[in-house]
Every structure is written in structure tokens, then in C-alpha cells.
Amino acid sequence: DDLRVRFFAPEAGVPEDPATGSAAAAWAAVRSFEGDEAGSVSIHQ
């Protein structure tokens, strides 16, 4: 899988998360809660 992510939080004073860690963590949590099996994913900004 190949995923491109961007995360914006201007209300929190973060125009854009430069390392996409917030978006990657949120995406992984959703997959986990949905019961998706572990696999290999490349995440790019």
C-alpha cells in the first residue's frame, strides 16, 4: 500500500504537521479499530 497524508490544525496553531506523524498515527488507529490486519504501508507527505 502507498498512502499520501497531510494534517492541518490551524485552530491549534499548527498550519501543517511537517512530519505527518499526526496523520499517520490517526490512520493507523482507525485501521486497528476496524480490525484490519497488519501489513506494510509506505506513508509520504
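Restricting attention to segment 25-45, and to residues there that are of a type in the set (S, T, N, Q) and surrounded by 10 or more Cβ atoms within 10 Å (Cβ to Cβ), which single residue is farthest from ASP2 (Cα to Cα)? Steps first, answer last, please.
First, pick out the residues of segment 25-45 that are of a type in the set (S, T, N, Q): 32, 40, 42, 45.
Now drop any that are not surrounded by 10 or more Cβ atoms within 10 Å (Cβ to Cβ), which leaves 32, 45.
On the way: SER32: 17, GLN45: 11 Å.
Only one residue fits best here, namely SER32.
Among the residues of segment 23-45, write down those that are small (Gly, Ala, Ser) and modelled with pLDDT of 75 or more.
Going through segment 23-45, the residues small (Gly, Ala, Ser) turn out to be 23-26, 28-29, 32, 35, 38-40, 42.
ALA23, ALA24, ALA25, ALA26, ALA28, ALA29, SER32, GLY35, SER42, listed by residue number.
The values are calculated or read from the model by the stated rules, or taken from the named source; none is laboratory data. The model shown is predicted, which means the values in this text are computed figures rather than measured ones. Here Cβ is always computed from backbone atoms with ideal geometry, including for glycine, and neighbour counts include all displayed protein chains.
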